[in-house]
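Everything on this sheet refers to the single structure shown next.
The values are calculated or read from the model by the stated rules, or taken from the named source; none is laboratory data. Quick caveat: nothing in here was measured; it's all calculated off a predicted structure. No Cβ is skipped: glycine too gets one built from the backbone with ideal geometry, and neighbour counts run over all protein chains shown. The protein model used for the area step is the full one, side chains on, heavy atoms only, and it has no ligands, DNA or RNA in it. Shrake-Rupley method; radii C 1.70, N 1.55, O 1.52, S 1.80 Å.
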Amino acid sequence: MRRPGDDPDPVHELERIFHALVAFIVRNPDVPPRMLRWSAHGGHRRIRARVQRVIDQFVSRISFIVRRAQAQARMRRDVEPQIAALLFVGIAQSLALRLFAGLLSRERLHEEAGRLLHGYLTGMRGA
C-alpha cells in the first residue's frame, strides 16, 4: 500500500506534506489567488479543468495516505478517507484564502497552520 519514498508513518507524512504546502503558500502568496481566479467561472475552461485536476490528484494522494494510516491503526476506521482528504485540502485552502484576504499575516501563518493541523489529526485519531 506504500509508494517508494513514502514515510513509513503515514501521520508523519501528512504532517510533512501539510507543512510543505504551508511553506509553499508563504513563499508564493500570489499562487493561491491566481488559482482562484483561474478556477472562477470567468476563467478559461481548460485552465479551470487543469486546476481541478491538480486538486483532485492531491485529494487522491491524501486519501491514499489516510487509508494507510487506518491500516496501521493510526487513524479511526470510521473516518471516510475521501472526506478526510477534502478536509485536509480545505484547511490549506482556507489558510491561503485568509492570507490573501489580509485576515492572516504571513508571520502567523505557520502558527495557525500548526494549530489547525493538530486539531485535524486529533479528530482523525479519535479519543
remark   = Candidate span helices, the chain: DSSP H, at least 27 Å along axis from Cα coords, Kyte-Doolittle average at least 0.5, result 81-100
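Taking only protein heavy atoms and a 1.4 Å probe, what accessible area per residue, in Å², does the chain have with all protein chains in place? Numbers along the way, then the final one.
On the way: 7770 Å² over 127 residues.
Averaged over the residues of the chain, the accessible area is 61 Å².
ALA23 to ARG61: extension gain in nm, 0.36 nm per residue of separation minus the Cα-Cα distance? Could the numbers behind the result be given before it?
Numbers: separation 38, 0.36 × 38 = 13.68 nm, distance 1.88 nm.
Working it through step by step, the gained length comes to 11.8 nm.
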ask   = Once you put a point 7 Å from the Cα of ARG53 and another 7 Å from the Cα of LEU87, both along the Cβ direction, what distance in nm separates them?
value = 3.0 nm
Spin-label proximity, ARG115 to region 89-106 - amide N less than 16 Å from point 7 Å beyond Cα toward beta carbon = 91-92, 94-96, 98-99, 103-106
task = Determine the dipole magnitude for region 30-127: charges of +1 sit on the beta-carbon of Lys and Arg, -1 on that of Asp and Glu, nothing else is charged, the reference point is the Cα centre, and the result goes in debye to the nearest 20.
result = 360 debye
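Please work out how much length the chain gains when fully extended from HIS44 to ARG98, using 0.36 nm per residue of separation minus the C-alpha to C-alpha distance, in nm with one decimal. Walk me through the numbers before you get to the answer.
Details: separation 54, 0.36 × 54 = 19.44 nm, distance 2.48 nm.
Contour length minus Cα-Cα distance gives 17.0 nm.
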request  = With an 8 Å cut-off on Cα pairs and a minimum separation of 6 or more residues, tell me the relative contact order of the chain in percent.
outcome  = 31 percent
